[in-house]
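Encoded as structure tokens, the structure appears first; notes follow it.
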Amino acid sequence: MLRADPAPVRWVHRWKRAGRAEGRTHEWHAVRAGAVVAGLAALWMWNPGAVAFLGILTVLVFLHELGHFVVARRVGMAPTDFFVGFGPTVWARTSRTGLRYGVKLLPAGGFVKIPGMGPREEVEASREPYTYRAATRGRRLAVILAGVAVNFALAVVLFAGFALSQPDTGAIDAVGTGLGQTGEVATGTLEGLGNLVFGADDYARSVVSGDVPENRMMSPVGGAQIADGLIDVDPSRLLLLAGIFSASLALLNLLPLLPLDGGHAALVVVEAVAARVTRRPRLRLDPNRFTPVAVVVLVVLLSVSASAMYLDILHPLGDAVR
């Protein structure tokens, strides 16, 4: 007599079967979708602020990538992938033009893929005219800066929206407030980064000793803590939190360092100058040649982010809004 496999074994088999739809025109993975819903529900029961902040972060990054996507399509490029989240696919469709879009398992942002980001990347001959590298420098620069522009504009809208929710505030005053607060956040973020760089020794000593450093960056953990406090005190202030992170995200992405958007924009500018100086108008700089620099920058950013998470766990920020 055959006996049914234990529930955990059946779940593993279903998870594996869910992956067999990968690559089809229409994909739907019910087991993965259930895992996302169950995970978010459990997280909401444990910490509603974490789900709220995760939603804010996902929307901010999604709109950032949407900016890249829309402008890329407008200037003649043909993106091949556009997803919300990361990891295994939960749901996806492939359009007649070859664009694959959908939702991934980990709801934390999103991404868009544009072929030809590197001069040596292999692309089908029929798609070559629609690649990133085939576009003019002006169009490439527009695509790169589109995400940053969206986040700055979104910050203004969020701050203005909160201002409008307050008594005796007109639309013009709200827009002025939105512009002013966005500028203040961007300036404050830039000053904070400068203080962090020039005060790296003090920051490192504070992290090792477990003390609160004079210049402290807010991590997603700290953002979740503040969001949890705002839900209890004044949920409308989540607009302010979203505006702060949107403006900060825009400013950070503007830094002229690969692999950030600002680094790719700087590469286009340097390429234009080099092409004029060398009189080689078709000159193309390969971002892959700067991979070691990008790796160093990524390691530094991850280290700062990890230390910020550690400090936010050790010294929670949520009590500041209660």
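Each reported figure results from applying straightforward, stated rules to the coordinates on display, with no laboratory input. Since the model is a prediction, treat every value here as computed from it, not as a measurement. Cβ placement follows ideal geometry from the backbone for every residue including glycine, while neighbour counts extend to all protein chains displayed.
General remarks:
- For the chain, convex hull of alpha carbons as volume per residue, Å³: 201 Å³
- Over the chain, relative contact order from alpha-carbon pairs under 8 Å, at least 6 apart, %: 17 percent
- Burial order of peptide ranges 96-102, 182-188 (average beta-carbon count within 10 Å, highest first): 182-188, 96-102
- Sequence-distant contacts, meaning Cα pairs under 8 Å at least 6 residues apart, place the relative contact order of the stretch 146-210 at 27 percent.
- Over all other residues within a Cβ to Cβ distance under 13 Å of ARG205, the charged ones net out to -4, with Lys and Arg as +1 and Asp and Glu as -1.
- The stretch 103-236, relative contact order [Cα under 8 Å, separation at least 6], %: 12 percent
- From least to most packed, judged by other beta carbons within 10 angstrom and beginning with the fewest, SER209, SER219, SER246, SER303 follow the order SER209, SER303, SER219, SER246.
- Ranked LYS113, LYS104, criterion: other C-beta atoms within 10 Å, fewest first: LYS113, LYS104
- Nearest-0.05 FRET efficiency for GLU128 and HIS315, computed from C-beta distance (R0 56 Å): 0.60
- Solution diffusion estimate, µm²/s, Stokes-Einstein, the stretch 36-179, Kirkwood Rh from C-alpha pairs, 37 °C, viscosity 0.692 mPa s: 189 µm²/s
- As a rough footprinting exposure proxy, the listed residues MET218, MET309, MET45, MET77 were ranked by other beta carbons within 10 Å of their own, and the order from fewest upward is MET45, MET309, MET218, MET77.
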